[in-house]
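Participant: One structure, pasted below without further comment.
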Amino acid sequence: MNNAHILIAEDDPVLREVYAKKFTLSGFEIDTVKNGEEAIAALSAKSPDILILDLNMPVLDGFAVMEKYPKDKRTFPILVLTNFGNEENRTRATKLGADDYFVKNEMTIKSLLEMVEDLLKAKDMWKK
């Protein structure tokens, strides 16, 4: 499980740093970007084992990234991050292929780490 490559797309510099530190300390290889355009460039350069994707970012939002990488055309799961737990965003993200959904103000970093580990286990089982 460790050494998995995670791309974190988060526009908030404090959260981006907190997520990067937590996942690095847990043994993951981390790359971070601050908007959807940078996420698409990073995904084009190297496919991660998982993408942690904020929905509300400048330049291009997380929805635009998911539209560019539909579930049937990508090799990595997407865990959506958002400040908004409303059903409209959740439904749209799910329709666009989000594999899980993390509402920042309702959950902890520990629960985010557990969600990532569960998605990576599921991805490994799917490959077999």
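Here, each number is a calculation from the coordinates, and none is a lab measurement. Treat the numbers as computed from the prediction; the structure is a model and nothing was measured. Quick reminder, even Gly has a Cβ in these numbers, built from the backbone with ideal geometry, and neighbours come from all protein chains shown.
Participant: Can you give the alpha-carbon Rg of the chain over 2.2 N^0.38 Å, where N counts its residues?
Facilitator: Compared with the compact-globule rule of thumb, the chain sits at 0.95.
Participant: Something else about it: If the cut-off is a Cα-Cα distance under 24 Å, which lysines reach LYS95, setting aside same-chain residues fewer than 8 apart in sequence?
Facilitator: Partners found: LYS34, LYS68, LYS71, LYS73, LYS104, LYS121, LYS123, LYS127.
Participant: For the chain, what is the calculated [θ] at 222 nm in deg cm²/dmol (nearest 500), taking -39500 (n - 2.57) for each run of four or more DSSP H residues and dividing by its residue count?
Facilitator: On the way: 5 runs with 58 residues, N = 128.
Helix contribution divided over all residues of the chain: -14000 deg cm²/dmol.
Participant: Of the listed peptides 74-81, 41-48, 63-70, what is their order by residue-averaged count of other C-beta atoms within 10 Å, with the highest listed first?
Facilitator: So the order, starting with the most tightly packed, is 74-81, 63-70, 41-48.
Participant: Provide the per-residue ³J(HN,Hα) series for region 32-41, in order, calculated from phi with Karplus coefficients 6.51, -1.76, 1.60 and θ = phi - 60°, each as a whole number of Hz, with x at glycine and proline positions.
Facilitator: These are the phi-based 3J(HN,Hα) values: 10, 9, 10, 7, x, 5, 5, 4, 4, 4 Hz.
Participant: What is the gain in length, in nm to one decimal, between LEU15 and ARG74 on full extension, counting 0.36 nm per residue of separation less the C-alpha to C-alpha distance?
Facilitator: Stretched out fully, the LEU15 to ARG74 stretch lengthens by 18.7 nm.
Participant: Distance in nm between label sites at VAL59 and SER111, each 7 Å beyond Cα in the beta-carbon direction?
Facilitator: About 3.1 nm, to one decimal.
Participant: Report the label-to-label distance for ARG92 and GLU67 in nanometres (one decimal), using points 7 Å from each Cα along the Cα→Cβ vector.
Facilitator: Simple spin-label model gives 1.0 nm for this pair.
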